[in-house]
1. Translational diffusion coefficient, Stokes-Einstein: compute it for the range 26-117 using the Kirkwood radius over C-alpha pairs as Rh, at 25 °C and 0.890 mPa s, and state it as an integer in µm² s⁻¹.
2. With the contact rule set at Cα under 8 Å and sequence spacing of 6 or more, what percent relative contact order holds for the range 75-155?
3. Which net charge results when you count Lys and Arg as +1 and Asp and Glu as -1 among the other residues whose beta-carbon is under 11 Å from that of Lys74?
4. So which lysines pass the test for Lys78, namely a Cα distance under 27 Å, with those fewer than 8 places away in the same chain ruled out?
5. Please give the calculated 222 nm ellipticity per residue for the chain, where each DSSP H segment of at least 4 residues contributes -39500 (n - 2.57) and the sum is spread over every residue; nearest 500 deg cm²/dmol?
6. Which angle between 0 and 90 degrees, to the nearest 10, do you get for helix 4-15 versus the longest principal axis of the chain when only C-alpha atoms count?
7. Please report the Cα spread of the chain along all three principal axes, rounded to whole Å, starting with the longest.
8. Cβ under 14 Å from Lys56's Cβ, Lys56 left aside: what net charge do those residues give with Lys, Arg +1 and Asp, Glu -1?
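The values are calculated or read from the model by the stated rules, or taken from the named source; none is laboratory data. Note that the coordinates shown come from a computational prediction; the quantities given were computed from them, not determined experimentally. All Cβ positions, glycine included, derive from the backbone under ideal geometry; neighbour counts span all protein chains shown. Side chains included, ligands, DNA and RNA excluded: accessible areas come from the protein's heavy atoms. Shrake-Rupley method; radii C 1.70, N 1.55, O 1.52, S 1.80 Å.
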Amino acid sequence: MLDTSYYEKADEIIARHTREERSLIPIIQDIQEEYRYLPPELLTYVAKQIGITEAKAYSVASFYENFSFEQKGKYVIKVCDGTACHVRKSIPILERLYKELGLNDKKHTSDDLYFTVETVSCLGACGLAPAITVNDVVYPKMSPEKVVDLLKELRGE
Ligand code: FES
């Protein structure tokens, strides 16, 4: 259950657009930018406000990979498991992150909402394998040890 500030923020965002179907994507993009995810309750709310069905809004939002219905951490870590990174041992890096943060392939975000760990199939930085990104900044030639140091750095330890 979201508190009222979320709906107030949604109203503010909706007011910047026209209330029609084609505004759905720009509105939910703005909402996701604000919260780093798209709360499903707000998607339903937006659908009602711009006069489209909830089903239509869900099918549009689910079509685009960019939209996430899950709350994400302050730092989104993407571990590349494309071929170049996989052969240079990206999986031990991923496993180390899971272990350090109490995550697994079903639970992607730490309870303190600090970290989200995802896998991707190529970051376009194959020459720097194994690579990861943190909030879209590339970290090259990682290892399980280096990733633990990086977590400490991000936590400000
Ligand atoms: S396979 Fe990892 S960056 Fe391309």
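1. My calculation gives 165 µm²/s for D.
2. 41 percent.
3. For residues surrounding Lys74, the net value is +2.
4. Cα-Cα hits under 27 Å: Lys89, Lys99, Lys106, Lys107, Lys141, Lys146, Lys152.
5. -14000 deg cm²/dmol
6. Roughly 70 degrees between the two axes.
7. For the chain, the Cα extents along the three principal axes come out at 51, 31, 25 Å.
8. Net of charged neighbours comes to -1.
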